[in-house]
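K.L.:
Before anything else, here's the structure in question.
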Amino acid sequence: MPMSSRPVPRHPVFVVGMPRSGTTLLSRLLGAHPGLVMAPETHYFTRCWTGVPVADTADALRMLDRLFQQPGVQDMALTPEEKARVRDHVQSAPDPTHGDVLRALLDTYAARSGAPAWGEKTPDHLRFVPEMTRQFPEAVVVAIVRDPRDVCLSLQSMPWSRATLPEQAWTWRTYARLVEQYRHDYEGRFYALRYEDLIAEPKASLRDVCAFLGTSFQPVMLGEQEEDMTQPFDAEREPWKAKSTRPIDASNREKWRTQMPEAERVIVERIAGRWLAANGYARPPTDWRPALAVQVLRQLGAAALQWVRRTVHNVWGGHTFSGDAAPRWKNE
């Protein structure tokens, strides 16, 4: 059977990208494939992974306890029996690894659906692709890229976003560079697409992604979702994800042209630099004038002050890895 028509996708599939770039939409579309179930965000490598190998079984169980604290994992609504099964899988591993911990959870979650393959979407896992591919030698990664101006515009309304505009733009630049690097370093295992292409030509985009996954596109992937269908997130806790369950809106692009102040646009474009053009995003000429220069300087000054205040608050607050198993914004 040709690889492009193989029914079971290559897996596990990790969906990554800059937050607010369409990772939830892409994950929902892929999860509609009959051969693939997409799990909620686990944040394993951002909040649980310690940066060093698992020492022993007790250490692996500590990682699992951190994993169970994550909001996305709680959204899985694992039964006591399922949690016990996950724990048994971890304990039975002779030399447990981080991959064993995450696989035990997601194998158990996927078993509910009967799908032969599973995937997981945590946007910021993009920074950990090298580690993920070490932990899961058979894994493939799908990244999605979106215009940084629309990304930053969207991030401004997110309750969990603490970064300033320059920090957000710099993160986008960093992620764009990583996507380009991973395309080369993990050729055949790493695929990237643009959000704008996905919403403009969803069928063609998904055909390409499915071909990369070694399976065939299924029309059900673009079918309308039933209203009572369970979503892989808590709509009350994360209402901003609700749009991903609605029909694809091809016009949901270039909102920055009408909604982003010129000074903010200039800052994002300057920081994004050549990565704008490298990803096919237009950069209109800037009409530099005294008023605009003042606005840019004010924006940068305010961002710098905000960064200092946040840094001081974090230092005095004693925020450390051990106390950050779950996101702080949930309790604010």
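Per-residue answers, yes or no, for (1) closer than 30 Å to L67 by Cα; (2) at pLDDT below 90:
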| site | (1), (2) |
| --- | --- |
| A263 | no, no |
| A302 | no, yes |
| G317 | yes, yes |
| T320 | yes, yes |
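K.L.:
Here's something else I'd like to know. How many residues does segment 45-83 hold that are free of Cβ contacts under 8 Å to residues at least 60 places away in the same chain and in contact with a Cys (Cβ under 8 Å, 6 or more places away or on another chain)?
P.N.:
Of the residues in segment 45-83, 2 are free of Cβ contacts under 8 Å to residues at least 60 places away in the same chain and in contact with a Cys (Cβ under 8 Å, 6 or more places away or on another chain).
K.L.:
Which ones in segment 46-65 are open to solvent by 30 Å² or more (accessible area, probe 1.4 Å), touching a Phe, Trp or Tyr at 6+ places or on another chain (Cβ under 9 Å) and in a helix (DSSP H, G or I)?
P.N.:
Correct list: T46, R47.
K.L.:
While we're on this one: I need every pair where a residue in segment 211-234 that is in a helix (DSSP H, G or I) and among the aromatic types (F, W, Y) has its Cβ under 6 Å from the Cβ of a residue that is at pLDDT 60 or above and open to solvent by 30 Å² or more (accessible area, probe 1.4 Å), sequence separation at least 6 or different chains.
P.N.:
Once the first residue is in a helix (DSSP H, G or I) and among the aromatic types (F, W, Y) and sits in segment 211-234, its partners that are at pLDDT 60 or above and open to solvent by 30 Å² or more (accessible area, probe 1.4 Å) give F212/Y191.
K.L.:
Being in contact (Cβ under 8 Å) with a residue 60 or more places away in the chain, of a type in the set (A, V, I, L, M), under 27 Å from A176 (Cα atoms) and surrounded by 14 or more Cβ atoms within 10 Å (Cβ to Cβ): is that true of A110 here? Explain how you work it out, then say what you get.
P.N.:
Working: in contact (Cβ under 8 Å) with a residue 60 or more places away in the chain: yes; of a type in the set (A, V, I, L, M): yes; under 27 Å from A176 (Cα atoms): no; surrounded by 14 or more Cβ atoms within 10 Å (Cβ to Cβ): yes.
The answer is no for A110.
K.L.:
Sticking with this one: Tell me yes or no: at least one residue of segment 82-97 is under 21 Å from V16 (Cβ atoms) and not hydroxyl-bearing (S, T, Y). Walk me through how you get there before you give the answer.
P.N.:
Applying the first criterion (under 21 Å from V16 (Cβ atoms)) to segment 82-97 yields 97.
Those left that are additionally not hydroxyl-bearing (S, T, Y): none.
Looking through segment 82-97, none of the residues is under 21 Å from V16 (Cβ atoms) and not hydroxyl-bearing (S, T, Y).
K.L.:
Of all residues in segment 113-123, which are modelled with pLDDT under 95 and either in contact with a helix residue (DSSP H, G or I) (Cβ under 8 Å, 6 or more places away or on another chain) or within 15 Å of C48 (Cα to Cα) (or both)?
P.N.:
If the condition is that a residue be modelled with pLDDT under 95 and either in contact with a helix residue (DSSP H, G or I) (Cβ under 8 Å, 6 or more places away or on another chain) or within 15 Å of C48 (Cα to Cα) (or both), then no residue fits.
K.L.:
What pairs come out if I take residues in segment 114-127 that are under 21 Å from G214 (Cβ atoms) and touching a residue at least 60 places away in the same chain (Cβ under 8 Å) and pair them with residues that are open to solvent by 20 Å² or more (accessible area, probe 1.4 Å) and among the small types (G, A, S) whose C-beta lies under 8 Å away, six or more apart or interchain?
P.N.:
Sorted first by the residue in segment 114-127, then by its partner, the pairs are G119/G31.
K.L.:
I would also like to ask the following. Here is a check on your reading of the model: is R10 open to solvent by 30 Å² or more (accessible area, probe 1.4 Å) and in a helix (DSSP H, G or I)?
P.N.:
Details: open to solvent by 30 Å² or more (accessible area, probe 1.4 Å): yes; in a helix (DSSP H, G or I): no.
Against the criterion (open to solvent by 30 Å² or more (accessible area, probe 1.4 Å) and in a helix (DSSP H, G or I)), R10 does not qualify.
K.L.:
Give H33, H43 a once-over and let me know the one that is open to solvent by 20 Å² or more (accessible area, probe 1.4 Å), under 30 Å from D249 (Cα atoms) and modelled with pLDDT of 95 or more. Break it down stepwise before answering.
P.N.:
Working: H33 fails: open to solvent by 20 Å² or more (accessible area, probe 1.4 Å).
Of the residues listed, the single one that is open to solvent by 20 Å² or more (accessible area, probe 1.4 Å), under 30 Å from D249 (Cα atoms) and modelled with pLDDT of 95 or more is H43.
K.L.:
Right, something else. Search segment 251-266 for residues being more than 17 Å from Q299 (Cα to Cα) and of a type in the set (K, R), and hand back the single one that is surrounded by the fewest Cβ atoms within 10 Å (Cβ to Cβ). Step through it out loud before you land on a result.
P.N.:
Residues of segment 251-266 more than 17 Å from Q299 (Cα to Cα): 251-255, 257-258.
Then drop every residue that is not of a type in the set (K, R), which leaves 253, 255, 257.
Numbers: R253: 17, K255: 14, R257: 12.
Among them, the one singled out is R257.
K.L.:
Here is a further query. Scan segment 267-300 for residues that are aromatic (F, W, Y) and exposed (fewer than 14 other Cβ atoms within 10 Å of the Cβ) and report the count. Even if it seems obvious, please write down each step before you answer.
P.N.:
To start, the set of residues in segment 267-300 that are aromatic (F, W, Y) comprises 275, 281, 288.
Still in the list and also exposed (fewer than 14 other Cβ atoms within 10 Å of the Cβ): 288.
The qualifying residues number 1.
K.L.:
Is it the case that some residue within segment 70-87 is of a type in the set (S, T, Y) and in a loop (DSSP other than H, G, I, E, B)?
P.N.:
Pass one, segment 70-87, residues of a type in the set (S, T, Y): 79.
Restricting the remaining residues to those that are in a loop (DSSP other than H, G, I, E, B) gives 79.
The answer is yes; a qualifying residue exists.
The values are calculated or read from the model by the stated rules, or taken from the named source; none is laboratory data. Values in this document were obtained by computation on a predicted structure and should not be read as measured data. Neighbour counts run over all protein chains shown; Cβ positions are idealised from the backbone, glycine included. Note: areas computed on protein heavy atoms with side chains; ligands, DNA, RNA excluded. Shrake-Rupley method; radii C 1.70, N 1.55, O 1.52, S 1.80 Å.
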